[in-house]
1. According to the square roots a ≥ b ≥ c of the eigenvalues of the Cα gyration tensor, what is the shape class of the chain, taking rounded for a/c under 1.5, prolate for a/b larger than b/c otherwise, and oblate for the remainder?
2. Of all the accessible heavy-atom surface of the chain, with the other protein chains kept in place and a 1.4 Å probe, what percent is carbon and sulfur?
3. How many angstrom lie between the C-alpha centres of region 284-347 and region 393-410?
4. Give a quick list of trypsin sites (Lys or Arg not before Pro) in region 284-353 that DSSP marks as loop, anything other than H, G, I, E or B, with at most 15 other Cβ atoms within 10 Å.
5. Tell me, what is the per residue accessible area of region 274-432 in Å², probe radius 1.4 Å?
6. Long-range amide H contacts for TYR183: which residues qualify at under 5 Å (H placed 1.01 Å from N, peptide plane, sequence gap of 5 or more or a different chain)?
7. Out of the DSSP beta bridges found with both residues in the chain, what percent are antiparallel (nearest 5)?
8. Among the lysines, which fall within straight-line cross-link reach of LYS276, defined as a Cα-Cα distance under 16 Å, with same-chain neighbours fewer than 8 residues apart omitted?
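The values are calculated or read from the model by the stated rules, or taken from the named source; none is laboratory data. Predicted model only: the values in this text are computed from it and were never measured. Cβ: placed from backbone, ideal geometry, glycine included. Neighbour counts: every protein chain shown. Only protein heavy atoms, including side chains, enter the accessible area calculation; ligands, DNA and RNA are left aside. Shrake-Rupley method; radii C 1.70, N 1.55, O 1.52, S 1.80 Å.
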Amino acid sequence: MNSVWTECTEHIQFEALNKSIKTDVLVIGGGIAGILCAYMLKNAGIDCVLVEADRICSGITGNTTAKITIQHGLIYDKLIKRFGSDNARLYLEANIRAGKEYARLCRDIPCDYEKKDSYVYSISGRAKIEDEVAALNRLQLKAEFAEVCALPFKIAGAVRVKDQAQFHPLKFLYGIAEGLPVYENTKVLELMPGKAVTDRGEISCRKMIVATHFPILNKHGGYYLKMYQHRSYVLALDGAADVGGMYVDESDKGLSFRNYRDLLLLGGGGHRTGKKGGNWNELEEFVRKHYKGATVVNQWATQDCMTLDGIPYIGQYSKNTPDLYVATGFNKWGMTSAMAAAMILTDIVCGKSNDCAAVFSPSRSMLRPQLAANAFESIVGLLTPTAPRCPHLGCALKYNAQEHSWDCPCHGSRFNENGQLIDNPATDDKKL
């Protein structure tokens, strides 16, 4: 169940907090978004501290497929139609800047950084591929329609964007985390204005950034309605062909491909957390059909926070929390989105203007069709008369036989068979 990243990287360690302290900015969460925020704040001369309840990179960040790309599915045609060309361009610009910052930082960090062409393909929807190519070209980014690809099946077409990148996320993050003011094994129990209470002391601060994958504070922001979580699965294959680039299906039920050294990373089998899906079985069936000589050397799973409109929530946590900020809802594109978040939040904390910030505002309209679906799942989960129940907001948990875990279909919290917390937004273990 370990990813290729965790198996080939030596974890760096930080001490736990052992007293009450003061800082200007407290960053909560030691995944890629939190580490990048702390790194940029420190480099901007801001006194900051990062706390992580477990160990840095021990959650979702260590289970990514680590693609650095402006292509987030077929999003740009949708953004233009929903929000106009100006906002779509700002979303694109934020991700272009993120990619450039990775390229700059990775020059000095040995993290297997490689430039690769990126493809979003469709099995049957040629027209939607053509629309996305036109949308990107309209936004002054060169994209091409591709009919032939290195995948072992026929496609209707793909959007090709050159000079994107892939890397080893843990080598990169451990490289930039060296020397940062980080406290591991330090769990935040309560947030108050100007103060966070942890299990190892209090932290007084002027501002806070919540970068805990799914936000842990329920009474502000309504994130339990504005997001749901989606699981996906990965197989690392030895003996499969090199696909020569990074590929992702435009369909939520499709597959993704990229190589790492001699391995092919095959992703898919996705489903809403707490629901049934293809899991690794779907991927294994694909391997038997298309990569008959390949051997599975690693398998792992991950999950992503999905927003109402496909855009992350980056900025002020809510209208009523002026000194509390959030970075969440990366919609399966955590690499570029985390870097974009760190750049935007650092500017906000430093009092600088960032022209891309408004597009990602967590206080934007919630009136999207996905809101009704999220509310329905929550109501069903609350009314289902079964035990055990999630300590987050009381929804009925579902047993995940593939991963031997108890999963919440409402908001995505997960627990092992002994009730120990695996994934938030729940913050406590569950008694089973």
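1. Judged from the Cα gyration tensor, the chain comes out rounded (a/c under 1.5).
2. 49 percent
3. If you average the Cα positions of each part, the centres end up 21 Å apart.
4. LYS292, LYS319, LYS352
5. The answer is 44 Å² per residue.
6. Under 5 Å from the amide H of TYR183 lie the amide H atoms of LEU50, VAL51, GLU52, each far enough along the sequence or on another chain.
7. Here the share of antiparallel DSSP bridges comes out near 75 percent.
8. Answer for LYS276, where 16 Å is the Cα cut-off: LYS253, LYS398, listed by chain and number.
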